[in-house]
Amino acid sequence: MHELSIVTSIVESVTESLAAYPGAQVKEVRLRVGALASVIEDSLQFCYGIATEDTPLDGSKLVVKILPVVMHCEPCNADVELPGLQSFRCPQCGELVADMRQGRELEIDSIEIEENP
Amino acid sequence: MTTRIVELRRGILKKNDELAAGLRERYAAAGVLALNLVSSPGTGKTAFLQRTLTELRARGARVAALVGDLETDNDAQRLAASGAPVRQINTHGICHLDAEMIDKHLEGWEGVELNHLDFLFIENVGNLVCPSSYDLGERVRVALLSVTEGEDKPLKYPTLFNSADAAVITKMDLAEPCGFDRELALKNIQEIRPGIQIFETSAKTGAGMKAWLDYLALEGGGRGARLDGETVAIPQPIAVRRDPTPPPQPVEAAPELDEVFGEPEPASNSEGFSSAREAKEYLVGLIDDEARRTGNPLMEVERKMLYDSAKGWTLREIDQVRETFNLYHDPVEYEEKISGLIRSARLRARAGKDRQFEAWSQAVHALSHEKHYLLDLIAASGETPRLRGRRRNLWLVLLVCAVLAGVAIWMGLHPDDVKVFVPSSTH
């Protein structure tokens, strides 16, 4: 539901960084989205088409990389990847784990632009 | 034409996060504990918050609330019944609150200054998905879930439950008719957010509110703590906090009991208690202990009502206590409950060491020349239920007070005529 707000923020942020590259065309916007970021990719894509209209991002492609949740397991002394979101237990030892190392990211990783010399 | 990859590595909600960080600093500087309450629509956030605000005020804490809804100010009106300042935020279609909305609504909020607050509650828009992405600068995020929603709600919405610092189960009074599987619900919450503190509450009956309020007092650095000097001991959640805030300091010194009727009057003719206040605290302590023994401890407001007085020492916030009491309690039921506790406490004192019963009698005696509600309750618990139904006797109490005042003035004017004054015991 809040994907439109998120996409709007993406457009603002990318437009801002384009100031350093006058006349450049945005071809691709790459996101890193944690599995726990409460963002749905389909919704993002749908909103992206609408929100980029008549902006420098118009016609660009949105690439979303979903990052799995990584927790630190104290007993195993290791960072472990959770296979799903239904249980915060270490897949190796079965202990409950609370120390999150990855999974809430919601960031623009990079953009691909085309410059006219 | 050249293609170039520009690394941005920038948070999409950076603007919100920066604003939220600013708010967090402001809350910390003002010494206010900010909480963000999130749940589905219909979980009972407003009823729960209304009760929380009312009871915190009765504990003498300074509270305020911001409440988010798509439209209408119905919730703000309901919350305002608590007497706390409340401000509505209408998002007009947006499914969550963000830091900018909070920032805006903190400005120009008549009568509210962060510096003068102990707790700021933010009731988010009813939604279990979107609010989890937006930091509002809060130190405690509370996820609420009602017994009518199903035990698997945390599994369905792990993003929200995993980001919470505390979980509250509401409408516990409906647990039985709903066939609510308590064990399963608790397990599911822990499975998603290991170590989280869970409170099982009913805004209707008040069940579980005490533990919740004690938790708030602890998180709030002692503000809104109980007034009887009891140290609040709640185990800290093992979960790692989202925010790099230092852990709250344990409540060391109990807040002082405040007085309203000036200096505590010396209690004449009793050896064990030097003031009415001391006697009262002793008796309330015994009744409170007795309630604990029955496994049904007194709620804060019930305990404080025992301090009520028409004349004599009482709590400074007694007006607020009465207000809360009148909102949520039936005085007849309350008096019956307390009478029962007094009976068993007195029996226990009598069966115990002689000294204990002596102390009980002395405490009652120490109060007997003033008009304390506790005396009515003690009388009602005995063989002579003459003062049962306090309200009905309000005029009688006022009349007696007037007579006593007259006698006191006369005694002041004619000190030589007074030789011995032995107050009659109500016991």
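Cα atoms only: what Rg and Dmax, in Å, come out for segment B:14-219?
16.0, 47
What is the mean number of Cβ atoms from other protein chains located within 10 Å of the Cβ atom of each residue in peptide A:101-112, rounded to a whole number?
If you average over the peptide's residues, the count of other-chain Cβ atoms is 4.
What relative contact order, as a whole-number percentage, does segment B:14-219 give when Cα pairs under 8 Å and 6 or more residues apart are counted? Present the calculation step by step, with values, prior to reporting the outcome.
Numbers: 408 pairs, mean separation 51.2, N = 206.
Across segment B:14-219, relative contact order equals 25 percent.
Classify chain A: rounded, prolate or oblate, from the alpha-carbon gyration tensor (a ≥ b ≥ c, eigenvalue square roots; a/c under 1.5 rounded; otherwise prolate if a/b is larger than b/c)?
On the way: a/c = 3.70, a/b = 2.39, b/c = 1.54.
Since a/c reaches 1.5 and a/b is larger than b/c, the shape of chain A is classed as prolate.
I want the local charge near A:His72. Using Cβ-Cβ distances under 12 Å, sum +1 for each Lys or Arg and -1 for each Asp or Glu among the other residues. Write down the numbers at each step before the final one.
On the way: positive: A:Arg101; negative: A:Glu74, A:Asp79, A:Glu81, A:Glu95, A:Asp99.
Cβ neighbours under 12 Å give a net charge of -4.
By its C-alpha gyration tensor, with a ≥ b ≥ c as the square roots of the eigenvalues, how is segment B:276-417 shaped: rounded for a/c under 1.5, else prolate for a/b larger than b/c, else oblate? Show your work: numbers first, answer last.
Values: a/c = 1.93, a/b = 1.32, b/c = 1.47.
Judged from the Cα gyration tensor, segment B:276-417 comes out oblate (a/c at least 1.5, b/c at or above a/b).
Over 19 Å between C-alpha atoms is what I'm after, so list which of B:Lys14/B:Lys45; B:Lys15/B:Lys153; B:Lys15/B:Lys104; B:Lys156/B:Lys187 land there.
Numbers: B:Lys14/B:Lys45 29 Å; B:Lys15/B:Lys153 31 Å; B:Lys15/B:Lys104 15 Å; B:Lys156/B:Lys187 14 Å.
Going by Cα-Cα distance, B:Lys14/B:Lys45; B:Lys15/B:Lys153 fall outside the 19 Å limit.
With 10 Å bins from zero, work out the P(r) of the protein assembly as shown over every alpha carbon pair and list the percent per bin.
Histogram of Cα-Cα distances, whole percents per bin: 3, 15, 22, 21, 15, 10, 6, 4, 2, 1, 0, 0.
Which one, B:Leu399, B:Leu347, B:Val321, projects farthest toward the positive side of the charge dipole computed for segment B:276-417 from Cβ point charges (K/R +1, D/E -1)?
It is B:Leu347.
Shielding of A:11-18 by partners, i.e. mean partner chain Cβ atoms within 10 Å per residue? Each step should come with its number before you reach the end.
Values: counts 0, 3, 7, 3, 0, 2, 3, 1.
So the per-residue partner count for this stretch is 2.
Could you sort the peptides B:37-49, A:42-54, B:186-198 by per-residue average Cβ neighbour count (10 Å cutoff), highest mean leading? Spell out each step's value before the answer.
On the way: B:37-49: 22.5, A:42-54: 15.1, B:186-198: 20.0.
Those peptides, ordered most packed to least, come out B:37-49, B:186-198, A:42-54.
Taking the Cβ of A:Pro91 as the center, what net charge do the other residues with Cβ under 12 Å away carry, scoring Lys and Arg +1 and Asp and Glu -1?
-2
Can you sort B:Asp308, B:Asp376 by how many other beta carbons sit within 10 Å, fewest first?
Details: B:Asp308 19, B:Asp376 24.
The order, fewest Cβ neighbours first, is B:Asp308, B:Asp376.
In the protein assembly as shown, with Lys and Arg counted as +1 and Asp and Glu as -1 at Cβ, which of these residues, B:Leu33, B:Phe180, B:Pro331, has the Cα nearest the positive end of the dipole, that is, farthest along it?
B:Pro331
Just grab the label-to-label distance for B:Asp152 and B:Thr294, each label 7 Å out from Cα along the Cβ direction, in nm (one decimal).
Label at B:Asp152, label at B:Thr294, 4.1 nm between them.
Per DSSP H run of at least 4 residues, take -39500 (n - 2.57); add these up for the protein assembly as shown, divide by its residues and hand me the 222 nm value, nearest 500 deg cm²/dmol. Spell out each step's value before the answer.
On the way: 17 runs with 202 residues, N = 544.
Only helices count here, giving -11500 deg cm²/dmol.
Give the shape of segment B:143-219 as rounded, prolate or oblate, defined through the alpha-carbon gyration tensor: a ≥ b ≥ c are the square roots of its eigenvalues, a/c under 1.5 means rounded, and otherwise the shape is prolate if a/b is larger than b/c and oblate if not. Walk me through the numbers before you get to the answer.
Numbers: a/c = 2.11, a/b = 1.04, b/c = 2.03.
Note, shape of segment B:143-219 comes out oblate.
Given springs between every Cα pair under 10 Å in a Gaussian network model of chain A, which of A:Val39, A:Val29, A:Val80 has the largest fluctuation?
Looking only at A:Val39, A:Val29, A:Val80, the biggest GNM fluctuation is shown by A:Val80.
Treating the beta-carbon of each Lys and Arg as +1 and of each Asp and Glu as -1, no other charges, what is the dipole magnitude of the protein assembly as shown about its Cα centre, to the nearest 20 debye?
Numbers: 60 positive and 83 negative charges, 332 e Å.
For the protein assembly as shown, the charge dipole is close to 1600 debye.
Take the alpha carbon atoms of segment A:11-76, find their radius of gyration, then divide it by 2.2 N^0.38 Å using N residues; give the quotient.
Relative to the rule-of-thumb radius for its length, segment A:11-76 sits at 1.44.
Count, for each residue of B:7-19, the Cβ atoms from other chains sitting within 10 Å of its Cβ, then give me the mean as a whole number.
Working: counts 5, 11, 5, 10, 6, 17, 9, 6, 3, 2, 1, 0, 0.
Average neighbour count from other chains, rounded to a whole number: 6.
How far apart, in nanometres, would the label points at B:Arg9 and B:Arg350 be if each is projected 7 angstrom from Cα along the Cα-to-Cβ direction?
7.9
In nm, to one decimal, how far is the B:Ala30 label point from the B:Val332 one, both placed 7 Å along Cα→Cβ?
4.5
Relative contact order for segment A:12-106: what is it in percent, counting Cα pairs under 8 Å that are at least 6 residues apart? Provide the component values of the computation, followed by the final result.
Numbers: 148 pairs, mean separation 29.9, N = 95.
The normalised contact order for segment A:12-106 reaches 32 percent.
What does the charge dipole of segment B:14-219 about its Cα centre add up to, to the nearest 20 debye, if the Cβ of each Lys and Arg holds +1 and the Cβ of each Asp and Glu holds -1?
Values: 22 positive and 30 negative charges, 58 e Å.
That gives a dipole near 280 debye.
Taken together, the values in this text are just the output of simple stated rules run on the coordinates, not laboratory data. Just so we're clear, the structure is a prediction, and the values are computed from it rather than from any experiment. Because the Cβ atoms are built from the backbone with ideal geometry, glycine has one as well, and the counts that use them run over all protein chains shown.
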